[in-house]
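No lab work stands behind these numbers, since they all come straight from the coordinates. Please read these numbers as outputs of a predicted model, since none were measured by experiment. Ideal geometry is used to build each Cβ from the backbone, glycine not excepted, and the neighbour counts take in all protein chains shown.
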Amino acid sequence: MRFQLKIPGAFLALCLVLAACAGSGDNDPAVSTAVTSSSTITPTTSTASSHQTTTTIRLGLHTAPPLPINTQAMVAIHLDPTGPEVAHATAQNWERLTDLIATADTFGHKLTLLMSSDWADLVAADPVRQTALQDWVNNGHQLGFHHHTCGHASPDGYRDIKNQCRGAEPRGSVADAFAQVQDLATDLGLPLIGIAAQGPNTDGLYRAAEWQPGVDLATGIMADNSDGHPDHRFITQPRCATDYGNAYAGQVTQYSVAELGHAQLNVGAFTGLQADNNLAALTREIIQVTAGDHAQAAVNLGVVFHAREYAATPRNEPSDDYRTDRDYLDAVLQLFAEKRIPVVTAQEILATSNPCG
Ligand SMILES: [Zn+2]
Ligand SMILES: [Zn+2]
């Protein structure tokens with residue numbers, strides 16, 4: 001296998017040092033023998049720049065990194081609602097999602113697809129899309145719910161709290177939006193929706209007033225779901241949150257919801273906004289959980305981006321050399337595969353050790 005990492009030279013040096021230590025702290029004696037008996041990583045090219053080098057790393061059959069025994073990754077895909085200014089649920093973005101899932105399938109990754117009601121309409125309008133969604137879920141990808149609260153920069157207008165909603169016209173209760181995604185799943189013979197991402201949770205208001213009965217899993221921001229080390233970007237530890245609820249039945253009901261963190265990748269409109277959530281940081285933390293000081297710890301990795309970002313949008317980001325966002329996202333998906341980090345659904349991670357008991 002051939003894997004091209006395009007990251008600054010200084011960081012690469014750190015990777016090589018850490019990788020060289022992998023054999024001694026290995027979890028699997030068989031793999032350890034293989035690693036120490038052959039050259040693990042062979043930099044083949046290095047341009048003579050003092051600031052940045054582009055280095056090709058070859059990983060052969062005998063050079064598999066240690067199998068992480070405790071770590072699984074979750075890749076969440078937001079299928080954003082249409083907001084006051086941008087239509088996200090479009091045929092073009094559906095095609096991008098289709099391409100993204102095809103790539104994920106080549107790696108065996110199982111994605112967590114968090115769908116807004118506008119995307120449910122998009123699917124319901126087309127039998128081809130319905131069949132595709134059925135196939136994806138039956139093949140192990142997970143379908144969940146997504147909603148932009150009135151605290152979001154681009155809210156979808158569904159609301160149970162009568163706050164300012166940034167230009168979004170009222171469209172009904174959040175329960176109505178959820179019902180559209182749940183009804184689609186039911187019509188297609190798919191499992192009940194059990195996971196959601198509804199946010200942001202400005203001032204702690206929205207999740208306490210707009211959460212859905214029966215949904216006991218969630219994805220959330222890293223700051224709420226760290227492993228106790230605030231310096232990570234992608235390493236997360238599930239927690240049991242108790243501040244989710246609503247008053248749909250006329251009285252306040254609260255739920256315990258198992259939540260897993262994720263970091264917004266530096267891609268698309270978030271390239272600059274999330275500049276630190278980059279491939280170099282992800283690589284560094286993967287090494288930490290496979291061969292570094294977290295190799296024995298039970299932690300997870302969480303990443304989120306949007307289906308619309310899986311496109312040949314020109315890219316010019318100082319922390320990597322990928323020319324398009326799609327190439328960059330391919331490298332992210334490939335990195336998990338090369339490092340043998342299983343990419344599974346949020347449900348699978350949270351079910352493994354449900355923090356709510
Ligand atoms: Zn979103
Ligand atoms: Zn940690």
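Using the Cβ-Cβ distance between Ala87 and Asn354 with R0 = 56 Å, the FRET efficiency computed as 1/(1 + (r/R0)^6) comes to roughly 0.90. Derived scalar couplings between HN and Hα for region 216-224 equal 10, 10, 8, 10, x, 6, 4, 4, 8 Hz in order, rounded to whole Hz, by the Karplus curve 6.51 cos²θ - 1.76 cosθ + 1.60 (θ = phi - 60°), x for Gly and Pro. The 3J(HN,Hα) values that the Karplus relation (6.51, -1.76, 1.60; θ = phi - 60°) gives for region 113-119 are, in residue order, 9, 9, 10, 7, 4, 5, 6 Hz. Gly and Pro appear as x.
Spin-label pair Ser256-Gln130: with each label point 7 Å from Cα along the Cα-Cβ axis, the two points sit 3.9 nm from one another.
Please tell me the relative contact order of region 72-352 in percent, rounded to the nearest whole number, where contacts are Cα pairs under 8 Å and at least six residues apart.
Working: 563 pairs, mean separation 64.2, N = 281.
Result for region 72-352 is 23 percent.
Ranked by the mean number of other Cβ atoms within 10 Å of their residues, highest first, the peptides 227-240, 287-300, 104-117 come out as 104-117, 287-300, 227-240.
Listed values for region 243-249 are Karplus-derived 3J(HN,Hα) couplings in whole Hz (6.51 cos²θ - 1.76 cosθ + 1.60, θ = phi - 60°), namely 9, 9, x, 6, 10, 4, 8, and x replaces Gly and Pro.
Under 5 Å between amide hydrogens, built in the peptide plane, is the criterion, and for Thr324 it picks out Arg315 among residues at least 5 positions away or on other chains.
Looking at region 72-352, what % of its DSSP beta bridges pair antiparallel, to the nearest 5?
Details: 10 of 40 bridges.
For region 72-352, the DSSP antiparallel bridge percentage is about 25.
Amide H contacts under 5 Å for Lys110: Val343, Val344, restricted to partners 5 or more places along the chain or on a different chain, H placed in the peptide plane at 1.01 Å from N.
Pull up the DSSP beta bridges for region 186-285 and report the antiparallel fraction as a percent, rounded to 5.
Numbers: 7 of 14 bridges.
Bridges in region 186-285 that DSSP calls antiparallel: roughly 50 percent.
A simple spin-label model places the labels of Leu192 and Ser154 3.2 nm from each other, with each point 7 Å out along Cα-to-Cβ. Summarising the amide proton neighbourhood of Leu301: residues at separation of 5 or more, or on other chains, whose placed amide H is nearer than 5 Å comprise Gln72, Ala73, Met74, Thr236.
Placing unit charges on the Cβ atoms only, positive for Lys and Arg and negative for Asp and Glu, gives region 169-274 a dipole magnitude near 140 debye about its Cα centre.
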